[in-house]
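The values are calculated or read from the model by the stated rules, or taken from the named source; none is laboratory data. Note that the coordinates shown come from a computational prediction; the quantities given were computed from them, not determined experimentally. These area figures cover heavy atoms from the full protein model, side chains too; ligands, DNA and RNA do not enter into them. Shrake-Rupley method; radii C 1.70, N 1.55, O 1.52, S 1.80 Å.
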Amino acid sequence: EGLDARRLMAADVKAEADLELGRYATVVTELSALLIAHPLRERSRGLAMLALDRLGCRADALGLYRSGEQALRCELGIEPGGWLRGVHERILTGDPGIGAGTDDPRPRPFRRMMHGPGAGGAPTMTEWSNRCTGRGASCYP
């Protein structure tokens with residue numbers, strides 16, 4: 001594995017630790033920047049979704065899933081993996097025991113989206129980060 005792949009995996013491990021410590025805003029901020037550069041990273045996306053949900057931004061977490069699902073379909077012609085789909089389902093159902101888990105920690109291949117973040121009217125990662133870390137408008141209801 002290359003140095004970049006190891007750095008990305010380390011960022012996910014740090015995000016998991018931050019989630020366990022209740023540092024949800026930190027996770028959103030750090031993974032927002034990572035997902036702008038690597039929008040197809042399912043593990044990072046799922047961890048950001050968990051942090052958003054724990055901040056009370058469930059609609060934003062679900063929107064983040066939808067934008068990732070669209071990116072995976074457009075760029076790679078695949079559906080999200082089982083772990084990310086599981087995080088999505090648990091957020092949808094309001095599962096109180098939702099956690100990061102380690103079911104499928106392997107990263108998927110990634111490429112920058114040709115149409116860029118926020119295409120199609122969806123909020124960008126920066127907008128999600130700002131909304132749920134107090135630097136912008138409040139979350140959707």
Exercise. Among the residues of the stretch 10-22, is there at least one that is closer than 20 Å to Ile91 by Cα, in a helix (DSSP H, G or I), β-branched (Val, Ile, Thr) and more than 10 Å from the chain's Cα centre (by Cα)?
Worked result: no
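Listed here are the residues, each with its yes/no results for (1) of a type in the set (Ser, Thr, Tyr); (2) modelled with pLDDT under 95; (3) open to solvent by less than 60 Å² (accessible area, probe 1.4 Å); (4) over 24 Å from Arg6 (Cα atoms).
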position	(1), (2), (3), (4)
Val28	no, no, yes, no
Leu34	no, no, yes, no
Ser44	yes, no, yes, no
Leu47	no, no, yes, no
Ala61	no, no, yes, yes
Gly94	no, yes, yes, yes
Ala100	no, yes, yes, no
Gly121	no, yes, no, yes
